[in-house]
1. Listed highest first by mean packing, meaning other Cβ atoms within 10 Å per residue, what order do B:133-141, A:96-104 come in?
2. Could you tell me the center-to-center distance, by alpha carbons, between the stretch A:200-249 and the stretch B:112-127 in angstrom?
3. Using the Cα centre of the protein assembly as shown as the reference point, and only Cβ charges (+1 on K/R, -1 on D/E), how large is the resulting charge dipole? Debye, rounded to the nearest 20.
4. Return an integer: the convex hull volume of the alpha-carbon atoms of the stretch A:119-249, in Å³ per residue.
5. Using a Gaussian network for chain A with springs between C-alpha atoms less than 10 Å apart, which of these wobbles most: A:Arg182, A:Arg153, A:Arg66?
6. Could you run the numbers on buried accessible area between B and A, total for both chains, 1.4 angstrom probe, in Å² to the nearest 100?
7. Could you report the protein assembly as shown's accessible area per residue, 1.4 Å probe, as an integer in Å²?
8. Counting only protein heavy atoms and a 1.4 Å probe, tell me what percentage of the protein assembly as shown's accessible area is made up of carbon and sulfur.
2 protein chains.
Amino acid sequence: MISVKMCMIGERALAETSDFKAEPPEGIDALGASSEGASLYQLIREDIIEGRLAANERLVVTDLARRHGTSTNPVREALQLLRGEGFVTFVPNRGARVRPIDQDFVRDIYEIGVLIEPALTRWFVNMATVEDIAELERIQGLIEENNFADTFRHSELDTAFHTVMYQRHYNRHAAELWWKHREVLRAVSRRFNFTLARRAAIIREHRELIAHVKAGNADEAAELIARHVEGSGRHVLEHMRARNAARAG
Amino acid sequence: MISVKMCMIGERALAETSDFKAEPPEGIDALGASSEGASLYQLIREDIIEGRLAANERLVVTDLARRHGTSTNPVREALQLLRGEGFVTFVPNRGARVRPIDQDFVRDIYEIGVLIEPALTRWFVNMATVEDIAELERIQGLIEENNFADTFRHSELDTAFHTVMYQRHYNRHAAELWWKHREVLRAVSRRFNFTLARRAAIIREHRELIAHVKAGNADEAAELIARHVEGSGRHVLEHMRARNAARAG
DNA sequence: ACGCGATAAATCGTACATTGTTTATAGGAA
DNA sequence: TTCCTATAAACAATGTACGATTTATCGCGT
């Protein structure tokens, strides 16, 4: 159904493990802004993703400045950064608002993921070290041990699992797109209070994936990831649709 | 060699033609910033892409403000927007610099293009109207008429050609990624003073593409685009490599 | 020649002025 | 009375000016 081959144009250096912590892959370049602007960016960003700021809520510069004990300029700076990331919208002379993370937005992100992640996976399978594989199995062990008891912990572990794979990326932009995908998913799951369905499928797919990696079977791993992303995308959207219908009805 | 199928998750509305002019696909959201900041953003952006500002050149806020007859705040705003787009880097307490568009950067962009554009093409083939096809043929006529005599005009026409295809996008993010690809290519071609090789191939590929679109042959069109992007990527990188070697030697 | 201190320059944060938008209120007509 | 409109006042975004802090540069002394 889906089938994505990786395409490499020109040679490349292997990505350092270090530039891809459990933290953001330095959105194009690290924090960049100065101390206050950057920390405000982090804070407001978390407020948006965690849902403490509602969709379409106005982001009044003077309020935010007062609340965080700074003046307005650092706030403007943070908002511009968030705008670049797509979490905030601006209307001229009317200021900023929290961008609602709607179905169209989520759908688009997942579809990009379906195109990108298999290629990253293919590269990982070819480059994975024994340490990488051991780390994957360790995390998978923790995931199965947790067994969805703590959904927050599951989400963290799942991110860790994929981070191990994508820290060996062949393409920084692609890896950043994946990270954005993750962040949006985090936002959605906070807002719509996810209960993960597909539990058995998730465990099974991860195990299958590890097997493919061990066997050096890039094609099948890529295919598996494509279906994995597609499936979870459909599930998330279905959940959003149901919730919105319930809210409207 | 490459083969990308499109994946659709959930239903969607057809993109309006109007939201995808010959102008940028409203980078996540239109201009956004206020009049002055936005126009500065445009101006500085063009200065960077057109090469009037050199790679790694310092972007001193006060200078830019004086030059454009404003105060510093709109300049800071514009620079933050450019940072979000990746054309400018920041170092805390040391300000902004023009990000050099190096081979790694270009390679990454093209590889994303290879993954994204075939999917957009597939969608276009399925949704194209007779007017779309007529427009493609009209532009193709102009391209062949020009026959690379004016390379700038060729570039404009080529962009128009692809814009016709991608204005019928199924995924806004994907279309924006394409646009970014275009902008980077424009920057590279200005800096490295392109002489387009592959002239015969470009004409031939466009004709083939139109034929596939007319026949409703999505698979072959997507495959063709994948090879088209890959080929032009390799060519661009080869050109950059040669130029850099010449400059160093 | 090399480290060290003074000076210059530019960023970053703050305070303020201006401009545009929203809201509330008063007045008038149906 | 009720609804609409016009006007004014509050509110907030945008632009300007300035001071504080950090960084870079240059020259001096050893």
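The values are calculated or read from the model by the stated rules, or taken from the named source; none is laboratory data. Everything quoted here is computed from the prediction, not taken from an experiment. For neighbour counting, all protein chains shown are included, and Cβ atoms are generated from backbone atoms with ideal geometry for every residue, glycine included. Keep in mind that these areas ignore ligands, DNA and RNA; they rest on the heavy atoms of the full protein, side chains included. Shrake-Rupley method; radii C 1.70, N 1.55, O 1.52, S 1.80 Å.
1. Ranking the peptides B:133-141, A:96-104 by packing returns A:96-104, B:133-141.
2. 23
3. Here the protein assembly as shown has a charge dipole of around 780 debye.
4. 97
5. A:Arg66
6. Chains B and A together bury roughly 4600 Å² of accessible area.
7. Result: 44 Å² per residue.
8. The computed percentage sits at 51.
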